[in-house]
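Reading through the structure tokens given below for one structure.
The values are calculated or read from the model by the stated rules, or taken from the named source; none is laboratory data. In this text, all values refer to a predicted model and were calculated from it rather than measured experimentally. In this analysis, Cβ positions are derived from the backbone assuming ideal geometry, glycine residues included, and neighbour counts consider all displayed protein chains.
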Amino acid sequence: MELIAASRIVRAQQAIAAARPYVAKMGVVVGHVADTPDARDHPLFRSPESVRRVAVMLITADRGLAGGYNISVLREAERLLREHQAAGREATVVVAGRKGENYFRYRHLPILASITGVSERPRYEDARRLVGLVMGPFQEGALDQIQLVYTRFVSLGSQIVTVRQLAPMEEPSPAAPERGRPAAGASAGGSGAGGSATGGGGVTGHKTDFEFEPEPAEILDRLLPRWLEAEVLAAMLESAASEQASRQRAMKAATDNADDLIKTLRRVMNRARQDSITTEIMEIVGGAEALRQAGIETGAVYNEFFESAAERA
Amino acid sequence: MATTQFELVTPTRTLFSGAAEMVVCRTVTGEIAFLANHMPYIGALDTSVVRVVGPVGAREGTTEPDVRLAVHGGFVEVKDNEVVMLADIAELASEIDVPRARRAYDAANQALSAAGGGMPDPQVEAALRRAQTRLEAAQA
């Protein structure tokens, strides 16, 4: 299983790399459209005066035996839930992965929706399905905020549970460099939101005037769900790689432990066997001696004892 | 002839990346063609065929036949002589499974005519458009 996981990490990393240009470029386009005046009024950017209903989206594995992978995400998600509840906000979870689903169901915590069976090989359609579960309620105003909890794949040795706010969006473009993606050309700088989450393009060096077809507002309506899907897909792919890395580590540790255990047990077994042989020989020798002293003819009996003892040893 | 950089990216791979003389596509508001140094532009793509005219080949200076791609929605951004298209689903014409597209086309057509005069199912309509676009791209 360790080897299987190891080979799957490579595939998962390739999937991350394949999706990266799309996600990065999507961020750039969103940044450009978000820079227009009417974009700020879009529901996905407007933050409500008070957040009352929150959905926490979390990405877990479908299967266990992955060390602390699932429990780290679950713990973080539950902590968020408690935090929201303590602040008087209504919080539900949207779960990807069977492990997460079972966890929340078992504890009777509120699940808004869940999808399972995709954790190891997430596809774009899965990201779309997951986003679709929350977009409707969000657009109808049944949800004020959507958070995402996933495991960032930093390297084979390091995966970090990360919380991000999906909606309302704080700043579209800085997400890209933050993740260590290439900044998608020089144009990323022009997308403005840069360091100013609230400024709305005040700091931009040069601003490009785009021609929009259709109107920016309509483009945003189409663009933002796609952008969320791209983000969720990236998160799912990173989580998938993290899952395999955790599993590989867990399985390596399990194999090492088993090897140690085998070594210890073999020693115990050999000692026990040796003990029993020694005892048996002592008994035979003692018995034969007793017979001899009693003056009984020992020849045949004596030989028989030793033969059978030799066989058993 | 002056060229423009063109890139078509999907979530799973980059379908096209290179220079071309012209890129023709259809946005939800109509057809548009991008030549070199087009003004900055952002548009929403329709389900349609994207035509890359005069793509510059791997060898410097040589041009190859036009490349056609079936794009099922997405976005196009033009800036600094660079045309970037983002599509959640797109295929190169050469990769399209024509018999399958034809079957999908026939099935969608049948479903539409079976529905008769009633409101056509938007999903079936979308399927029909997708199949049409694929067939058109493959020039089958």
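If you go through the range A:2-12 one residue at a time, do you hit one that is surrounded by fewer than 15 Cβ atoms within 10 Å (Cβ to Cβ), within 14 Å of another protein chain (Cβ to nearest Cβ) and basic (Lys, Arg)? Yes, the conditions are met somewhere in the range A:2-12.
Residue by residue, here is whether (1) touching a residue at least 40 places away in the same chain (Cβ under 8 Å); (2) assigned by TED's automatic domain parsing to the domain that holds residue A:219; (3) in contact with a His (Cβ under 9 Å, 6 or more places away or on another chain); (4) farther than 18 Å from residue A:241 by Cα holds:
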position: A:17; (1), (2), (3), (4): no, yes, no, no
position: A:36; (1), (2), (3), (4): yes, yes, no, yes
position: A:48; (1), (2), (3), (4): yes, yes, no, yes
position: A:78; (1), (2), (3), (4): no, yes, no, yes
position: A:84; (1), (2), (3), (4): no, yes, no, yes
position: A:113; (1), (2), (3), (4): no, yes, no, yes
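The number of residues in the range A:115-131 that are in a helix (DSSP H, G or I) and without any contact (Cβ under 8 Å) to a residue 40 or more places away in the chain comes to 2.
The rows are residues; the columns are (1) in contact with a Ser or Thr (Cβ under 7 Å, 6 or more places away or on another chain); (2) closer than 15 Å to residue A:102 by Cβ.
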residue: A:38; (1), (2): no, no
residue: A:41; (1), (2): no, no
residue: A:50; (1), (2): no, no
residue: A:56; (1), (2): no, no
residue: A:59; (1), (2): yes, yes
residue: A:64; (1), (2): no, yes
residue: A:67; (1), (2): yes, no
residue: A:71; (1), (2): no, yes
residue: A:76; (1), (2): no, no
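Condition test on residue A:123, is it farther than 30 Å from residue A:5 by Cβ and at pLDDT below 90? It is false that residue A:123 is farther than 30 Å from residue A:5 by Cβ and at pLDDT below 90.
When restricted to residues that are surrounded by 21 or more Cβ atoms within 10 Å (Cβ to Cβ), out of contact with any Ser or Thr (no Cβ under 8 Å at 6 or more places or on another chain) and assigned to a strand (DSSP E or B), the range B:87-120 contains 1.
Across the range B:19-46, the number of residues qualifying as more than 23 Å from residue A:231 (Cα to Cα), within 16 Å of the chain's Cα centre (by Cα) and in a strand (DSSP E or B) comes to 12.
Does residue A:93 satisfy being in a strand (DSSP E or B) and not polar (S, T, N, Q)? Answer is yes for this residue.
Looking across the range A:21-45, the residues that are within 8 Å of chain B (Cβ to nearest Cβ) and either under 12 Å from residue B:77 (Cα atoms) or not in a helix (DSSP H, G or I) (or both) come down to A:25, A:26, A:28, A:29, A:32, A:33. Could you tell me whether any residue of the range A:50-57 is within 30 Å of residue A:157 (Cα to Cα) and within 14 Å of chain B (Cβ to nearest Cβ)? Looking through the range A:50-57, none of the residues is within 30 Å of residue A:157 (Cα to Cα) and within 14 Å of chain B (Cβ to nearest Cβ). One residue stands out among those in the range B:19-36 that are of a type in the set (Gly, Ala, Ser) and within 14 Å of chain A (Cβ to nearest Cβ): the one that is surrounded by the fewest Cβ atoms within 10 Å (Cβ to Cβ), which is B:30. Checking each residue of the range A:229-248 against the condition of being over 30 Å from residue A:132 (Cα atoms) and assigned to a helix (DSSP H, G or I) gives at least one match.
When we screen B:82, B:60 for residues that are modelled with pLDDT under 85, surrounded by fewer than 20 Cβ atoms within 10 Å (Cβ to Cβ) and acidic (Asp, Glu), the only hit is B:60.
Conditions tested, residue by residue: (1) closer than 17 Å to residue A:41 by Cα; (2) modelled with pLDDT of 85 or more; (3) surrounded by fewer than 24 Cβ atoms within 10 Å (Cβ to Cβ).
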{"position": "A:179", "(1), (2), (3)": "no, no, yes"}
{"position": "A:187", "(1), (2), (3)": "no, no, yes"}
{"position": "A:191", "(1), (2), (3)": "no, no, no"}
{"position": "A:195", "(1), (2), (3)": "no, no, yes"}
{"position": "A:238", "(1), (2), (3)": "no, yes, no"}
{"position": "A:248", "(1), (2), (3)": "no, yes, yes"}
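Looking across the range A:247-299, just one residue is closer than 30 Å to residue A:5 by Cβ, of a type in the set (A, V, I, L, M) and touching a Phe, Trp or Tyr at 6+ places or on another chain (Cβ under 9 Å), and that is A:250.
When the residues of the range B:1-18 are narrowed to those that are at the interface with another protein chain (Cβ under 10 Å from one of its Cβ atoms) and outside any strand (DSSP E or B), which ends up nearest to residue B:80 (Cα to Cα)? Looking at residues that are at the interface with another protein chain (Cβ under 10 Å from one of its Cβ atoms) and outside any strand (DSSP E or B), I get B:10.
Can you name every residue in the range A:142-167 that is surrounded by fewer than 19 Cβ atoms within 10 Å (Cβ to Cβ), touching a residue at least 40 places away in the same chain (Cβ under 8 Å) and either more than 27 Å from residue A:6 (Cα to Cα) or within 14 Å of chain B (Cβ to nearest Cβ) (or both)? Across the range A:142-167, the qualifying residues are A:142, A:164.
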